[in-house]
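A short write-up of the structure that comes next.
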2 protein chains.
Amino acid sequence: MNGRRGIVNAKRYIMTLQEVSRNKAFNGYVVKYEHDSEELGCKMKFNVFLPEGSEKTKVPGLYFLAGLTCSEDNFMQKSGALENAAKHGIALIAPDTSPRGVKIEGDDESWDFGTGAGFYVDATQEKWKRHYRMYSYVVKELPSIIYKSLPIDENRVSIFGHSMGGHGALTLFLKNPNQYKSVSAFSPIANPTNCPWGHKAFGGYLGNDDKEAWKQYDATELLNSHNGKQLDILVDVGTSDNFLKDQLKLDQLEQVAKSKGLQDQVTVRYQEGYDHSYYFISTFVGDHIDHHAKYLKA
Amino acid sequence: MNGRRGIVNAKRYIMTLQEVSRNKAFNGYVVKYEHDSEELGCKMKFNVFLPEGSEKTKVPGLYFLAGLTCSEDNFMQKSGALENAAKHGIALIAPDTSPRGVKIEGDDESWDFGTGAGFYVDATQEKWKRHYRMYSYVVKELPSIIYKSLPIDENRVSIFGHSMGGHGALTLFLKNPNQYKSVSAFSPIANPTNCPWGHKAFGGYLGNDDKEAWKQYDATELLNSHNGKQLDILVDVGTSDNFLKDQLKLDQLEQVAKSKGLQDQVTVRYQEGYDHSYYFISTFVGDHIDHHAKYLKA
């Protein structure tokens, strides 16, 4: 993977951030930026909440990876997270969920594959591999741009997400435990090698010939091979989430945690009566930011 | 106005509420209902947040009237109001902003007139008067349906809103001071007889022949003729609101308040650097709900 990209990476990413909009909120600002992405081969947008104080000094950063069909806007507009982030002085960073405007045949045919559904992997299949590189975009290119341009401290960064983005947060963290201080997830797709959404996405982006290659993007598999860093994973999921049983497979994550003796390091809270929506996220997002603040402000 | 509607009113409104969706949030529920509206001659939707406890006893209710282009969803999804409403045990009620699906020629031609822009008036012009009756819908029909079907106490009800809905909240309150315990507004169109949005809407719905008739829907005019009930109006507006000078005309409202000796009863807070968006609303919505809670829970 690194071989092909080596030359591009050596050139360093283009650093030009264009400000699209800026809205004051809770004494800070929600700013939308656009930039050229080399990893994805298209223009991309992201939103960042810069809390009060970030005009003077670097602040910790918390990435939120959104779910299927979402853009960079859903979390900022609907989660109600800004108040608590402002209280802690933490910046929030909300990337988009796929390349945009690249026009690959079939990329708009379904809501759970292609546009809005990048699944935070680097595609290996011919048709998708030039543009569908959301793993490298979120782990490498976007941070490299952000830390050079915005007052966010790259040594104090954490990650969380929802659904497909919960899968993204857990896998990015488990693959890069030293890059992120902490991780949490709402309703994550916890075992994508073992559910319909994952089969479709991984089959499409990674191919069906080498299913071993799928495991590097599966939180349950990554937890199974984890050793080293002490974990403190927080997961919330609603008991009325329509996707809980067939798509999220949190029971698999919990089983592996138990079999590895990590049950004290992986907390899955089943929230009675809550569903898969942003109303659910907004109810518990304060808890999650408190969780990350423990590590970001330690 | 009452003559023509008398027969309809005598029949009483059809009380059938159809539940469209239900999402748990902050231990309560956001429920979307659909119903047939006689006032508007179409099917209408609204959202209500029913806090924990409302399954056992009636709770106070707080209407939020949304702005141009909005539906019943914007406030519930973007304002971040649910947490504070849940804390106070107050129900939130978010109606739509115009009749829907009535297909009047020209109703979709602009974003500031027709669909999504009912302006909370009862139209008198031939083309609009059958359907564009958002004043009577919000003041009479919707409450009548809600109080018969949902656990909201009709004796403890207040109202607030944003922009066009801030105009709606102020005028509905000033015209019906005994129906609402308190009022507040974000960035309201405070003097619509004196601004482009108001000229277009009132000219269209009420006609240009009798501009005296416009005054019954103008908060500044209503304040000018107000006597009786002690007021405690709270208004927040951003100093970076692009509409502040030409459309909102809060200076007119303040001038009238002063000339009537009501300056202590009308508080307009100019929030430095904030704009017209829901990010602004979300920053101060907690203050507004606290304001209403004083009266709703007195």
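The values are calculated or read from the model by the stated rules, or taken from the named source; none is laboratory data. None of these values were measured; they are calculated from a predicted model. Heads up, the Cβs are rebuilt from the backbone with ideal geometry, glycines too, and the neighbour counts pull from every protein chain shown.
Worth pointing out:
- Subset tally (residues that are within 14 Å of chain B (Cβ to nearest Cβ) and within 16 Å of the chain's Cα centre (by Cα)) for the range A:86-101: 2
- Test: residue A:287 is more than 19 Å from the chain's Cα centre (by Cα) and part of a helix (DSSP H, G or I): no
- Selection within the range A:19-72 - within 14 Å of chain B (Cβ to nearest Cβ) and either of a type in the set (Lys, Arg) or surrounded by fewer than 16 Cβ atoms within 10 Å (Cβ to Cβ) (or both): A:20, A:21, A:22, A:24, A:27, A:32, A:52, A:55
Matching residues to (1) farther than 25 Å from residue A:290 by Cα; (2) among the aliphatic types (A, V, I, L, M):
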position	(1), (2)
A:146	no, yes
A:153	no, no
A:176	no, no
A:185	no, yes
A:200	yes, no
A:207	yes, no
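- Within the option set A:297, A:249, being away from chain B (no Cβ under 14 Å), in contact (Cβ under 8 Å) with a residue 40 or more places away in the chain and closer than 19 Å to residue A:82 by Cα holds for one residue only, A:297.
- Exactly one residue out of A:296, A:234, A:206, A:250 is in contact with a strand residue (DSSP E or B) (Cβ under 6 Å, 6 or more places away or on another chain), more than 18 Å from residue A:181 (Cα to Cα) and at pLDDT 95 or above: that is A:250.
- Residue match in the range A:262-274 (condition: part of a loop (DSSP other than H, G, I, E, B) and in contact with a strand residue (DSSP E or B) (Cβ under 7 Å, 6 or more places away or on another chain)): yes
- Test: residue in the range A:45-67 that is closer than 20 Å to residue A:166 by Cβ, touching a strand residue (DSSP E or B) at 6+ places or on another chain (Cβ under 7 Å), part of a loop (DSSP other than H, G, I, E, B) and in contact (Cβ under 8 Å) with a residue 24 or more places away in the chain: yes
- Odd one out for residue A:83 among (1) part of a loop (DSSP other than H, G, I, E, B); (2) within 14 Å of another protein chain (Cβ to nearest Cβ); (3) among the acidic types (Asp, Glu); (4) surrounded by 17 or more Cβ atoms within 10 Å (Cβ to Cβ): (1)
- Considering the conditions (1) more than 14 Å from chain B (Cβ to nearest Cβ); (2) in contact (Cβ under 8 Å) with a residue 40 or more places away in the chain, residue A:106 is excluded by exactly one of them, (2).
- Residue identified as touching a residue at least 60 places away in the same chain (Cβ under 8 Å), over 13 Å from the mean Cα position of the chain (by Cα) and not in a strand (DSSP E or B) among A:204, A:168: A:204
- Selection from the range B:259-282 of residues that are farther than 13 Å from residue B:186 by Cβ and within 14 Å of another protein chain (Cβ to nearest Cβ): B:272, B:273
- Put simply, of A:256, A:285, A:235 the only residue that is more than 14 Å from every other protein chain (Cβ to nearest Cβ), touching a Gly at 6+ places or on another chain (Cβ under 9 Å) and either without any contact (Cβ under 8 Å) to a residue 24 or more places away in the chain or β-branched (Val, Ile, Thr) (or both) is A:235.
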